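Q: Got a structure for you, written out below as structure tokens; questions coming shortly.
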Amino acid sequence: MKLAILGPPGSGKGTQSTKLAHRLGIKHISTGDILRTAVKDKTPLGKKAHEFINSGQLVPDELMIGIVKERIAEKDCKNGFILDGFPRTIPQAQMLDKNIALDQVIFFDVSEEECSRRLSSRQICTQCGQIYNPTTRPPLRAGKCDKCKGPLATREDDKPETVKKRLKVYREQTEPVVEFYKQSERLSVMGKSGTPDEIFEYLVNLVESHERGRAAGRA
Ligand code: ATP
Ligand code: MG
């Protein structure tokens with residue numbers, strides 16, 4: 001199964017797609033995580049991407065398209081994958097359409113107010129990237145990752161002024177991608193609110209019912 005998750009920053013893409021990939025036994029590919037690792041390791045990609053990320057802008061399409069094209073061609077993606085944070089622009093979506101057939105695109109429809117609220121208190125593990133939130137997913141010990149014991153920190157781009165910029169960039173460059181997929185029949189809208197676990201169950205249902213629909217279509 002080949003899926004993509006769309007939604008504003010802070011809509012829960014990372015939290016939910018990590019779990020969903022696990023449940024479905026397919027690979028989770030987060031372009032944000034790939035970039036943050038590159039920045040941390042000071043690779044050539046990291047050096048190029050750093051300024052864009054920290055100022056809340058998108059990393060240029062030429063770079064992102066090459067990275068994702070290579071990544072999804074790797075062996076571990078054979079059984080399928082979930083793209084988290086890609087596509088974010090129309091050229092990125094067009095590249096996917098030329099190269100692979102996405103089965104379903106899920107749009108996390110969360111208001112900007114709710115997203116900014118969540119991002120203002122989000123922390124992530126600087127070692128493994130696990131996401132924490134004081135109300136919905138607090139760490140067992142303050143400042144420490146439950147999984148790898150790495151130190152938690154606020155992401156550089158989660159500062160209020162950068163969040164504002166990211167939301168604006170989302171509205172201008174990524175919302176058209178939602179429209180792009182609405183026109184084909186691959187878009188499912190996740191508009192449910194609730195606890196992360198409730199949202200996850202709803203998400204699994206969305207994927208399963210879409211899959212049943214496709215199977216019936218094939219039969
Ligand atoms: P969240 O993880 O809460 O949903 P987000 O979607 O803004 O927030 P990431 O997906 O982690 O965050 O991405 C962080 C940053 O990495 C983006 O603001 C952007 O600069 C860069 N980035 C990630 N994916 C892409 C992409 N497909 N195209 C261009 N830039 C990207
Ligand atoms: Mg993310």
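The values are calculated or read from the model by the stated rules, or taken from the named source; none is laboratory data. Note that the structure is predicted; figures quoted are calculated from it, not measured. Here the Cβ is made from the backbone with ideal geometry for all residues, glycine too, and neighbour counts use every protein chain on show. Ligands, DNA and RNA are stripped out before the accessible areas are found, and what is left, the full protein with its side chains, is counted by its heavy atoms. Shrake-Rupley method; radii C 1.70, N 1.55, O 1.52, S 1.80 Å.
Q: Cβ-Cβ below 6 Å, separation at least six or inter-chain, first residue in segment 24-40 and within 7 Å of ligand 1 (Cβ to nearest atom), second in a helix (DSSP H, G or I) and modelled with pLDDT of 95 or more: which pairs?
A: The qualifying pairs are Leu35/Ala49.
Q: Just the residues that are under 14 Å from Thr15 (Cα atoms), open to solvent by less than 60 Å² (accessible area, probe 1.4 Å) and in contact (Cβ under 8 Å) with a residue 40 or more places away in the chain, please, taken from segment 111-128.
A: Within segment 111-128, Cys115, Leu119, Arg122 qualify.
Q: Does Lys147 satisfy the condition of being surrounded by fewer than 17 Cβ atoms within 10 Å (Cβ to Cβ), within 27 Å of Asp41 (Cβ to Cβ) and out of contact with any helix residue (DSSP H, G or I) (no Cβ under 9 Å at 6 or more places or on another chain)?
A: The answer is yes for Lys147.
Q: Condition (residue is within 15 Å of ligand 2 (Cβ to nearest atom) and surrounded by fewer than 18 Cβ atoms within 10 Å (Cβ to Cβ)) applied to segment 29-38: is it met by at least one residue?
A: Within segment 29-38, one or more residues are within 15 Å of ligand 2 (Cβ to nearest atom) and surrounded by fewer than 18 Cβ atoms within 10 Å (Cβ to Cβ).
Q: Taking the stated definitions as given, is Arg36 in a helix (DSSP H, G or I), touching a Cys at 6+ places or on another chain (Cβ under 8 Å) and not aromatic (Phe, Trp, Tyr)?
A: It is false that Arg36 is in a helix (DSSP H, G or I), touching a Cys at 6+ places or on another chain (Cβ under 8 Å) and not aromatic (Phe, Trp, Tyr).
Q: Here's another thing I want to ask about it. Taking the options Ile199, Ile124, name whichever one is within 18 Å of Leu35 (Cα to Cα), within 18 Å of the chain's Cα centre (by Cα), outside any loop (DSSP other than H, G, I, E, B) and not acidic (Asp, Glu).
A: The unique qualifying residue is Ile124.
Q: Here is a further query. For segment 13-28, which residues satisfy the criterion of being more than 9 Å from ligand 2 (Cβ to nearest atom) and open to solvent by 20 Å² or more (accessible area, probe 1.4 Å)?
A: Thr18, Lys19, His22, Arg23, Leu24, Gly25, Ile26, Lys27, His28
Q: Do you know which residues across segment 41-53 are open to solvent by 60 Å² or more (accessible area, probe 1.4 Å) and more than 11 Å from ligand 1 (Cβ to nearest atom)?
A: Residues satisfying the conditions are Asp41, Lys42, Pro44, Lys47, Lys48.
Q: If only one of Gly56, Gly10 is at pLDDT below 95, outside any helix (DSSP H, G or I), out of contact with any strand residue (DSSP E or B) (no Cβ under 7 Å at 6 or more places or on another chain) and crowded, with 17+ Cβ neighbours inside 10 Å, which one is it?
A: Matching residue, one of Gly56, Gly10: Gly10.
Q: Taking Glu185, is it among the charged types (D, E, K, R) and modelled with pLDDT of 95 or more?
A: Spelling it out, it is not the case that Glu185 is among the charged types (D, E, K, R) and modelled with pLDDT of 95 or more.
Q: Restricting to segment 147-194, give me the number of residues that are more than 19 Å from Ala93 (Cα to Cα), part of a strand (DSSP E or B) and of a type in the set (Gly, Ala, Ser).
A: Adding up the residues that qualify gives 1.
Q: Right, another one. Quick one: in segment 68-84, of everything that is part of a loop (DSSP other than H, G, I, E, B) and open to solvent by 10 Å² or more (accessible area, probe 1.4 Å), which residue is nearest to ligand 2 (Cβ to nearest atom)?
A: Among those residues, the one meeting the criterion is Glu74.
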